[in-house]
Amino acid sequence: MSDLTHAQRIERSHIALMRSANFALLSGIILLGESTAKDGVPTAYTDGLNKVYGREFMDKLSDKQLNFVVAHENFHVLYKHMTTWRRLWDEDAKLANMACDYVINQQIVDLDPGNDVIELPKLKLCLDEKYRGWDAKQVYDDLKRNGKGSGGAGQPDDSFDEHGFDKAQQRTEQEAKDIEAAIDQAARQGDILAGKAGGKSAREIGAIPEPQVNWREQLQEFVQSVCAGRDSSTWRRPNRRWLSQGIYMPSPYSESIGAVVIGVDTSGSIGVDEVNQFLAEVVKITQDMPPERLHLLYWDTEVAREEVYAPGEYDSLTASTRPTGGGGTDPNCVKRFVDGMGTKPELVLMLTDGFIFGDWPDFNEPTLWVSTSDNKSTYGKTIHIK
């Protein structure tokens, strides 16, 4: 039995993780919310912000085993599991809990293969190398296909801790926004510390996606062709009006963008990693060429949600946005929505996995498609990202 109090043990675990190059990426997340020890908690618990550890449970753990549990709870917060996978929890709570744990446990083990900081508790854990690099939705689907859901006879919930999906759901919309913004900021702080310590960052392990497409090059070329004739000129594209007379003159263009519609595919075939990647690209667009107004649409067979942003609001987009959807995939719903808008957008950007039902829509506006598959729209320009 340790001479330290439960609170002191938790604090010492925090220090051990923050000093470790392997787990320094959690530093900002560890400082978020409250971390407490309580009676009546069987193992450990998080509501997506706060972390609670059962006193009797802690008494059975060595320091390195406690480090594992503390890292586990903080990874739940980093990945925003309590809000990101609410839909899965509503469908099958047991399977959602297990899927999230499979993702986290494998990652913790991979970060510290020599057990310098952590040690696996003597518990039945959701741990399988098969799921290395998977997200919770992919694991969930695989478990379901293999009969591990609530319908599986005699199948216990192998998730050792408790997940506060209900608690997270009870927060107001503003509270949820504030927490997501705080998590994003804490993740960035952890990345800075991890970099100084020589460890992996949250971006490297996939918690914070990096834009994969050179938008400045490809999107700028697309926008220039759309916004030609505004307030500047370029010699890269000769002015055809003068070429017929043998005179080489620059073609006019503008770097300013009017209203832009960005349609993000949130159909059932889209995983959280793809949604996060799409949002990373959206943020990159607003940083490189801020539109006068941004209409962000989430769609499956219908436009499930519209969010409108103006300059000055783009930096908070990832914290305030609420991806919605989960049905089939019919991008024609976006065309119907755009056709019904009161003002005509300057251009439309469609981000999708390219697996659609029916025909590709032919927008009246210049359209750029960004596809994570090799599938290509029959209308407009398509850029492929992996």
Taking a straight Cα-to-Cα line shorter than 15 Å from K335, and setting aside same-chain aspartates and glutamates fewer than 8 residues away, one finds D265, D300, E302, E306, E346, D359, D362, E365
Using only the Cα atoms of the range 6-197, build the gyration tensor, take square roots of its eigenvalues as a ≥ b ≥ c, and label the shape rounded, prolate or oblate: rounded if a/c is under 1.5, else prolate if a/b is larger than b/c, else oblate.
-> rounded
Give a residue-ordered list of calculated ³J(HN,Hα) values for the range 100-107 (Karplus: 6.51 cos²θ - 1.76 cosθ + 1.60, θ = phi - 60°; whole Hz; x for Gly, Pro).
-> 4, 5, 4, 4, 5, 4, 5, 5
Around I257, which amide H atoms from residues at least 5 apart in sequence, or from another chain, sit under 5 Å from its own amide H, with H modelled in the peptide plane?
-> E292
Ascending count of other beta-carbon atoms within 10 Å, so fewest first, for H81, H6 | H6, H81
Convert each backbone phi in the range 52-61 into a coupling constant with the Karplus relation 6.51 cos²θ - 1.76 cosθ + 1.60 (shift: θ = phi - 60°), then list the ³J(HN,Hα) values in order as whole Hz, x for Gly and Pro.
-> 10, 10, x, 5, 4, 5, 4, 4, 8, 9
Dipole magnitude of the range 6-197 about its Cα centre, charges +1 at Lys/Arg Cβ and -1 at Asp/Glu Cβ only, in debye to the nearest 20?
-> 180
Sorted by Cβ neighbour density within 10 Å, fewest at the top, the residues C100, C126 | C126, C100
Where labels lie 7 Å past Cα in the beta-carbon direction, separation of D362 and L4 in nm = 6.9
Among the lysines, select those whose C-alpha is under 16 Å from the C-alpha of K167, and discard any that sit fewer than 8 residues away in the same chain.
-> K51, K80, K177
Taking Cα centroids, how far is the range 83-130 from the range 307-356 in Å?
-> 33
Which far-off residues, 5 or more places away or on another chain, put their amide H under 5 Å from the one on Y79, with H placed in the peptide plane?
-> none
Ranked from fewest to most other Cβ atoms within 10 Å of their own Cβ, L317, L25, L32 fall in the order L317, L32, L25
Tell me which residues come under 5 Å, amide H to amide H, from A37 once H is placed; ignore anything under 5 positions away on its chain.
-> Y53
FRET efficiency, D141 to D59 (Cβ-Cβ, R0 35 Å, nearest 0.05) | 0.40
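Read-outs throughout are calculated quantities, based only on the coordinates presented, and are distinct from any laboratory measurement. Since the structure is predicted, the reported quantities are computational estimates derived from the model, not experimental observations. Because the Cβ atoms are built from the backbone with ideal geometry, glycine has one as well, and the counts that use them run over all protein chains shown.
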